[in-house]
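Working notes, structure below.
None of the figures in this text is laboratory data; all of them are computed from the coordinates on show. Since the model is a prediction, treat every value here as computed from it, not as a measurement. FYI the Cβ positions are ideal-geometry reconstructions off the backbone, even for glycines, and counts take in every protein chain you see.
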Amino acid sequence: MIPVSGAALSNLSRQFGLFALVGATGTAAHYAVLFWLVEFGGIAAVAASGWGALTGLVINYALNHWLTFRSAQPHARAFPKYVLVSCVGLGLNLLLMAILVNRLGFYYLLAQVMVTLVVLAWNFVGNRWWTFQASNPRRETRDG
């Protein structure tokens, strides 16, 4: 087992908390765009949901890049990685929901809560250690 200092654990906890808060912000933006486009824009719900999801993804990326991970990664490199991590998360969501609901008979809302926690963990790990890279000079300078 790798020893972890209190400061490193505190930083990791802070980042995870920010990551979850940013995710909630992106979700709120998704729903706001969905509602606005359907109710006031006359857009079909499925198309409006797609625009909302895209809005949430961009907001989540920007806030995670700037606030959560304080990344120095150029957007041209980090954004495609972020999208790929998010797509894997979507695939995990669909796979685990299919298993829990269709194969194991879980109630869909309970299954979604459990799956959301797994996908949240995946997205955090994937983005921290790959998209925005944990060893980041900009972050160390601002934190230290």
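See the values below:
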| item | result |
| --- | --- |
| Derived scalar couplings ³J(HN,Hα) [the stretch 107-113; Karplus, 6.51 cos²θ - 1.76 cosθ + 1.60; whole Hz; x for Gly, Pro] | 5, 4, 6, 5, 4, 5, 4 |
| Among [x] 18.7; [y] 16.6; [z] 15.1, the entry that matches Kirkwood radius over Cα pairs in Å as calculated here | [y] |
| Lys, Arg +1 and Asp, Glu -1 on Cβ, resulting dipole of the chain about Cα centre, debye, nearest 20 | 380 debye |
